[in-house]
Amino acid sequence: MTAIDRRAAFEQAAAILAENDRGDYTVPTKGLYPFQWNWDSCLTALGQRHIDEGRAWREIETLMAHQWPDGMVPHIIFHQPDEGYFPGPDVWATNRPTPTSGITQPPVLAFVMKRLFDEAKDRQLAEAKVRALLPKAEAWHRWFYSARDPRGTGLVAILHPWESGRDNSIDWDEPLSRVPTEGVGPYQRRDTTHVDASQRPHKAEYDRYLWLVQKYRSLAWDNSKLHDASPFQVVDPGFNAILIRSDSDLAELAEAVGEARVAQEARARVATARSAFDALWSDPHGQYLCYDRVAGKLIASASIGGILPIFAGLGSPIQQASLAGQVRQWRRKTRFGVASHDPSDPRFEPKRYWRGPCWFIVNYLLADGFARAGLAEVAKEVRGESLALFAKSGFAEYYDPLAGEPLGGGNFTWSAAMVAELVCSPA
Ligand code: GLC
């Protein structure tokens, strides 16, 4: 892109961030997602920092103000009532002062904090914010290993597909098929009133999403009970990689502000997780796979979740080269990338949400990982894909990797934040 294009792109991105700004938090997009989402907000802060660093820190402070006493950070904060979204606060019934959902999302927080801190123009502000947020981030990471890895395997399980951030990925088909639907009464979805149903999950999946919510609600959202009571316990390599990267970044932040104990404990968690990680590798697939903890086996589904471990620098050089090879191979089958699932899999669907479409935030995390692993070429290609898609189709929620068509919600916050980040921090 030329210098002038970059400036225009930045201004357009800033306009979307402003449009979706609710003062202390940002909604992912009007209509479809009218509340604050966990990993959306953290990644949004990466874009906001180029406009106003104070505002970027406030975005994540607002999220962390709603952390649960046990350390969990919810995936949605229902700041204001809004009838346009289902399931709303009455379905979750988590009994929090400000209503929240009862599940979490990928913990990109500490990674984002570190980037904000390392590249801060206002050093004093950044240091004060890191000091204030560090214990909260630490409590969240500790919570993961106690509530979601009760047997101490070194890797954490998600208990709901929505926790992965990749809601209807093909990865969940098998474990989700074991989740019953009895007792899920009639309900009215709202997502399909905002977006074409062919780009959203099917009803059979939705019934099971709701069954899980009802199950956890019946256990009063007691995280000491949820894991073992759940028929859905999946170890997602992408999710675990994000946690590991964030925990390493937490250790570095802790050191930078003189919190040696926090750094040491984070490093110990990272070491345990890294040594457990190889169990998720599949030679025949040439990438990592999800592990179904209930069935006790890897799930044969080559999704982007199994490439994301590059974000934490996981794998040997040979495995890392294989992950780069996967991305290249997928890209040869699509015009715009990176797809969220292997396009040669017969289950691949180019328009249905996380079963094929391309997402800027994933491209961003992948490019960061490949660059750090010394795979600069593929990192550059992946960054270029997001900018090419933006130039063609603007700030969509996600994109068809074959046609480049914009899909899902429009004027989407995190897509705008990623474009701001790409044009302001060229590799
Ligand atoms: C969808 C996405 C999830 C995101 C949310 C808000 O549920 O799958 O990753 O956080 O929308 O944008």
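The values are calculated or read from the model by the stated rules, or taken from the named source; none is laboratory data. Everything quoted here is computed from the prediction, not taken from an experiment. Because the Cβ atoms are built from the backbone with ideal geometry, glycine has one as well, and the counts that use them run over all protein chains shown. Surface areas here come from the heavy atoms of the whole protein model, side chains and all, with no ligands, DNA or RNA. Shrake-Rupley method; radii C 1.70, N 1.55, O 1.52, S 1.80 Å.
In table form, for the structure just shown:
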{"item": "Residues of the range 140-165 satisfying the condition of being away from the ligand (no atom under 16 Å from the Cβ), small (Gly, Ala, Ser) and either open to solvent by 60 Å² or more (accessible area, probe 1.4 Å) or within 16 Å of ILE242 (Cα to Cα) (or both)", "result": "SER146, GLY154, ALA157"}
{"item": "Filtered residues of the range 265-306 (kept if of a type in the set (Asp, Glu) and assigned to a loop (DSSP other than H, G, I, E, B))", "result": "ASP283"}
{"item": "Residue ranges of helices (runs of 4 or more DSSP H) in the range 188-257 with at least 1 members modelled with pLDDT of 95 or more and open to solvent by 10 Å² or more (accessible area, probe 1.4 Å)", "result": "203-218, 223-229, 237-256"}
{"item": "Selected residue [closer than 26 Å to VAL195 by Cα, surrounded by fewer than 17 Cβ atoms within 10 Å (Cβ to Cβ) and either in contact (Cβ under 8 Å) with a residue 40 or more places away in the chain or within 19 Å of the chain's Cα centre (by Cα) (or both)] from ARG352, ARG335, ARG328", "result": "ARG335"}
{"item": "Enumeration of residues in the range 338-349 that are polar (S, T, N, Q) and open to solvent by 30 Å² or more (accessible area, probe 1.4 Å)", "result": "SER344"}
{"item": "Test: residue in the range 243-257 that is within 16 Å of the ligand (Cβ to nearest atom), over 23 Å from the mean Cα position of the chain (by Cα) and under 28 Å from TYR33 (Cβ atoms)", "result": "no"}
{"item": "Residue satisfying condition, being assigned to a helix (DSSP H, G or I) and touching a Leu at 6+ places or on another chain (Cβ under 6 Å), within set PHE390, PHE370, PHE311", "result": "PHE311"}
{"item": "Residues within the range 13-53 that are more than 23 Å from TRP140 (Cα to Cα) and either within 15 Å of the ligand (Cβ to nearest atom) or not in a loop (DSSP other than H, G, I, E, B) (or both), tallied", "result": "19"}
{"item": "Inter-residue pairs, beta-carbon under 7 Å, first open to solvent by 100 Å² or more (accessible area, probe 1.4 Å) and in the range 121-132, second in a loop (DSSP other than H, G, I, E, B), 6+ apart", "result": "ARG131/VAL257"}
{"item": "Members of the range 373-418 found to be of a type in the set (A, V, I, L, M, F, W, C), within 16 Å of the ligand (Cβ to nearest atom) and touching a residue at least 24 places away in the same chain (Cβ under 8 Å), listed by number", "result": "PHE395, LEU407, PHE412, TRP414, ALA416, ALA417, MET418"}
{"item": "Single match in GLU59, GLU53 (criterion: surrounded by fewer than 24 Cβ atoms within 10 Å (Cβ to Cβ) and touching a residue at least 12 places away in the same chain (Cβ under 8 Å))", "result": "GLU53"}
{"item": "Some residue of the range 90-110 being under 19 Å from GLY165 (Cβ atoms) and over 19 Å from the mean Cα position of the chain (by Cα)", "result": "yes"}
